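Q: First, the structure itself, so that you have it in front of you.
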Amino acid sequence: MILGIETSCDETSVALLERDGTVRVNLIASQIERHRPFGGVVPEIASREHLQHLFPLVSRALDETHASWSDVEKIAVTAGPGLIGALLVGVAGAQGLSYALGVPLVAVNHLEGHLFSPYLQRDQPSIPLPDRFLSLVISGGHSSIYDVRGGEVAMLNRTRDDAIGETFDKVAKFIGLPYPGGPQIEKHASSGKIDRKRFPFPMSQFKDHSLDFSYSGIKAEAIRVAREKKIGIDGDPKLLSDFCATLQEALFAQLFDRLDAIWSALRTPMPAEVAVAGGVSANGTLRDKMLAWGRARGVTVRLPEKGYCTDNAAMIAFAGLQRAAGDPRRVTARSRIA
Ligand code: KG4
Ligand code: ZN
């Protein structure tokens, strides 16, 4: 089996996967409650929590699968991008285990973990990766569309400012909703009505016709409107839910605007599938919209199972299966990866 370790942000996660991608166990110790009083992730708290939870989780993963150390034939660890102190806990721990067990270590790019996550299945071998697919990675730190061919990843666009998940989180924080904001906005949006007249959130476009994302305009407008109309958890609940529904729709409208433009610019042979990954792919409204987008074009849309949308070690182990292991001494944590 391959052991996966993820400590890049506020979730300590450990997973064991079979060689065929079957997830045997995926354990997550979430720190959300520890960070909630601060309205966001506090790096120092994150590092300490990882240190406390990592090895107990590894032991539990072995126990729950009735596996022993000798069943671990490879280790995959998130090397970046992420919070440097948090990453170091996972990387140092994985290096130690790799030496002690005499097994190879693979450094995994966190984004690549998300990228392949829609192909993971619980208790079953993974879905075969197509030769070519388009991937939207939408999380708290990233908003990008990639063209993935034979394991080679080419970035087609990126956000020039805030990530989509970050926008959910920042606006939610402003109106007094607890962290993380995405699921909270989704909850309030579900009882709201989209009202573009009352909430005219902009569709960001660039003068140079770039297909990059930009979410700072929507964020600024959302905060301005919320301040002006006194929208918040203590205010008018109907106003709050309509605001959330319209904000969510504006954030997704930009995703589809760029996806459509990128898709129509591609030449045949077209990618066989479009995959969506990252924390924001847990959003039910987006999942329905993505499936409808695929049906309208005859394209298979792959969405991660709910447990593999937000940060988890199963996706890190899975990405590790696609990549060759190197010298464990050369694995270094990096907060940014070009
Ligand atoms: O992938 P992830 O766990 O961490 C990063 O790599 O960033 O994504 C976390 C992000 C947060 O911004 C969170 O608000 C967002 O994903 N998120 C959602 C939902 N669930 C999580 N956004 C919208 N709707 C959701 N249901
Ligand atoms: Zn992530």
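The values are calculated or read from the model by the stated rules, or taken from the named source; none is laboratory data. Please read all numbers here as calculations on a predicted model, not as lab measurements. For neighbour counting, all protein chains shown are included, and Cβ atoms are generated from backbone atoms with ideal geometry for every residue, glycine included.
Q: Can you tell me which residue among LYS170, LYS219, LYS207 is charged (D, E, K, R) and either in contact with a Gly (Cβ under 9 Å, 6 or more places away or on another chain) or within 16 Å of ligand 2 (Cβ to nearest atom) (or both)?
A: Sole residue among the options that is charged (D, E, K, R) and either in contact with a Gly (Cβ under 9 Å, 6 or more places away or on another chain) or within 16 Å of ligand 2 (Cβ to nearest atom) (or both): LYS170.
Q: Check whether at least one residue in the range 68-79 is under 20 Å from the mean Cα position of the chain (by Cα), surrounded by 18 or more Cβ atoms within 10 Å (Cβ to Cβ), assigned to a helix (DSSP H, G or I) and away from ligand 2 (no atom under 14 Å from the Cβ), and report yes or no.
A: Looking for residues that are under 20 Å from the mean Cα position of the chain (by Cα), surrounded by 18 or more Cβ atoms within 10 Å (Cβ to Cβ), assigned to a helix (DSSP H, G or I) and away from ligand 2 (no atom under 14 Å from the Cβ), one finds none in the range 68-79, hence no.
Q: Report, by residue number, each residue of the range 312-327 that is within 16 Å of ligand 1 (Cβ to nearest atom) and either at pLDDT below 95 or touching a Phe, Trp or Tyr at 6+ places or on another chain (Cβ under 9 Å) (or both).
A: Correct list: ALA314, MET315, PHE318, ALA319.
Q: Going through the range 252-288 one residue at a time, which ones are within 16 Å of ligand 2 (Cβ to nearest atom), of a type in the set (Val, Ile, Thr) and part of a helix (DSSP H, G or I)?
A: VAL280
Q: Please verify whether the range 23-44 includes one or more residues that are small (Gly, Ala, Ser) and in contact (Cβ under 8 Å) with a residue 60 or more places away in the chain.
A: Yes, because at least one residue in the range 23-44 is small (Gly, Ala, Ser) and in contact (Cβ under 8 Å) with a residue 60 or more places away in the chain.
Q: Can you pull out the helices (runs of 4 or more DSSP H) entirely within the range 130-229 that have at least 3 residues that are within 15 Å of ligand 1 (Cβ to nearest atom) and among the aliphatic types (A, V, I, L, M)?
A: 164-174
Q: Mind counting the residues in the range 204-259 that are surrounded by fewer than 21 Cβ atoms within 10 Å (Cβ to Cβ) and β-branched (Val, Ile, Thr)?
A: Residues meeting the conditions: 3.
Q: Let me ask something else about it. Please go through the range 294-338 and pick out each residue that is away from ligand 2 (no atom under 16 Å from the Cβ), in contact with a helix residue (DSSP H, G or I) (Cβ under 7 Å, 6 or more places away or on another chain) and assigned to a helix (DSSP H, G or I).
A: Result: GLN322, PRO328.
Q: Is there any pair linking a residue in the range 172-191 that is assigned by TED's automatic domain parsing to the domain that holds PRO37 to one that is at pLDDT 95 or above and within 16 Å of ligand 2 (Cβ to nearest atom), with Cβ under 8 Å and at least six apart or on different chains, and which?
A: As it stands, the answer is none, since no pair meets every condition given.
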